[in-house]
Amino acid sequence: RMLALALADIRQNCRQVIVLGGKYRSVGHGTRIACSPYWRRHAAASAVVFSGWHRMSYVTTESFSFQSVELERQIRLLHRAVGNAVVDDKHVVFAAGSIQLINALVHALSPDANAASPPARVVANAPYYQAYRVQTTMFDGREYRWGGATAQWTNASRNSTTDEGGFIEFVTSPNNPDTMLRKPALGGSSAVIFDHAYYWPHFTHIPSPADEDVMLFTMSKPSGHAGSRFGYKVAKRALDYVSDSIMGASRDTQLRMLGIVKAMLANLHGKDDIFAFGHDVMRTRWRKLNAVVSRSRLISLQKIPPHQYCTYFKRFREPSPAYAWVKCEGEEDEDCHGALLKANIITRTGVFFEAGSRYTRISLLKSDDDFDVLMERVTDLVNAEKYED
Ligand code: PMP
């Protein structure tokens, strides 16, 4: 009876949100709810119920550590089965979302605060995920500082500033917001942190497993459980920061993630593979959006090759990006976010990504309902363009 009441309450709230959100639909945030129909189908297999006395301690009884040995084993199995990362000879460290690990890694890769060397510069190639800048400037200190977009530190300008400290470069592949696979721009002795949040077969083809020294992953994207706040790093070196700051990821979350990862693994390459499902949803959305936007002379989308070989699906696959990176074709300083807002579409301005206001990002990770409304509004916008022959 309590469950029935709770469900009625949730349904009522959902209805209210849809009614209130009638005019403006936000496709600005990257919240990942496109996967929820999948988890509704696997509701029982992925459910976790535990009572009040369970998992109360800081540490597990099996290993006396903050980290579940079984969850770590399942995550390693998942990467091996998907073929998107080499994890065998590396440490896996859990955290409260991969966002928490951004500063942890910058801290670990920076010179010692007492060392004579100048602070490290933390950089990323624009357009880049803004959390790298926000977090680094938040904790700016003696050891590191935000160095801005990589372009200003290309080899030519670096040579003239040899007295500067080393570099820590964030490389997001596929990139948020423009969804391109990327390589480091600086090279040399720079330390590199690879953020592979979207390096899963529903968002990109997998040409080969990533095998870098420092890699970031999050469960927010592959399974869609952003609210559980679970991310991890895979790296050659272990890291004390997480145990020193929050003493590991929540054990409740670890238990939930165990159920989720097991359910993903159990269905891999089967009738209801989460990556096949995710790829199908994202590919269909990208196709629809492209078909409409290709008729426009005012806005355009990033170009992605139509077919790329994926080692996971063992075939050529169509693009299925998490984001549409929209360019307004007018003046250099055109406010693309503002232009779409006039059509009642909330996006995330390119200014966030240090790419200028001419660009803006649309999240394609929303619910089917949100995507349908987005399509209606984009179609109206494009149909309203008038040209003389
Ligand atoms: N890296 C990238 C590139 C992201 O887009 C995001 C989420 N938008 C994150 C990291 C953070 O993920 P989490 O939810 O695990 O903190």
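Every number here is computed from the coordinates shown, using simple stated rules; none is lab data. Since we're looking at a predicted model, the values are computed, not measured. Neighbour counts run over all protein chains shown; Cβ positions are idealised from the backbone, glycine included.
Over every Cα atom in the chain, the radius of gyration and the widest Cα-Cα span, Dmax, amount to 22.0, 75 Å.
Placing +1 on each Lys and Arg Cβ and -1 on each Asp and Glu Cβ, with no other charges, gives the stretch 69-267 a dipole about its Cα centre of roughly 460 debye. Residues 61, 360, 154 in ascending order of nearby Cβ atoms (within 10 Å, fewest first): 61, 154, 360. Centroid-to-centroid, using Cα positions, the stretch 76-129 and the stretch 315-389 are 31 Å apart. Of the chymotrypsin sites (Phe, Trp or Tyr not before Pro) in the stretch 322-389, the ones in a loop by DSSP (not H, G, I, E or B) with at most 10 other beta carbons within 10 Å are 387. The residue 86 and residue 309 beta-carbon pair, evaluated with R₀ = 25 Å, returns a calculated FRET efficiency of approximately 0.85. Within the stretch 306-364, the trypsin sites (Lys or Arg not before Pro) that combine a DSSP coil assignment with at most 11 other C-beta atoms in a 10 angstrom radius are 314.
Evaluated at q = 0.10, 0.19 Å⁻¹, the base-10 log of the normalised Debye intensity for the stretch 69-267, with identical point scatterers placed on the Cα atoms, takes the values -0.41, -1.41. Relative contact order of the chain, taken over Cα pairs closer than 8 Å and 6 or more residues apart, is 22 percent. Our estimate of slack between residue 367 and residue 300, defined as 0.36 nm per intervening residue step minus the Cα-Cα distance, is 21.8 nm. In loop segments of the stretch 195-249 as defined by DSSP, the trypsin sites (Lys or Arg not before Pro) with at most 15 further C-beta atoms inside 10 Å of their C-beta are 236, 237.
Computed from point charges on the beta carbon alone (+1 for Lys and Arg, -1 for Asp and Glu), the dipole magnitude for the chain about its Cα centre is near 1180 Debye.
On a 26 Å Cα-Cα criterion, which of the cross-link pairs 271/366; 221/303; 342/366; 233/327; 303/366 come out too long? Distance filter (> 26 Å) returns 233/327. Here the stretch 69-267 carries DSSP beta bridges of which approximately 35% are antiparallel, counting only pairs with both residues inside.
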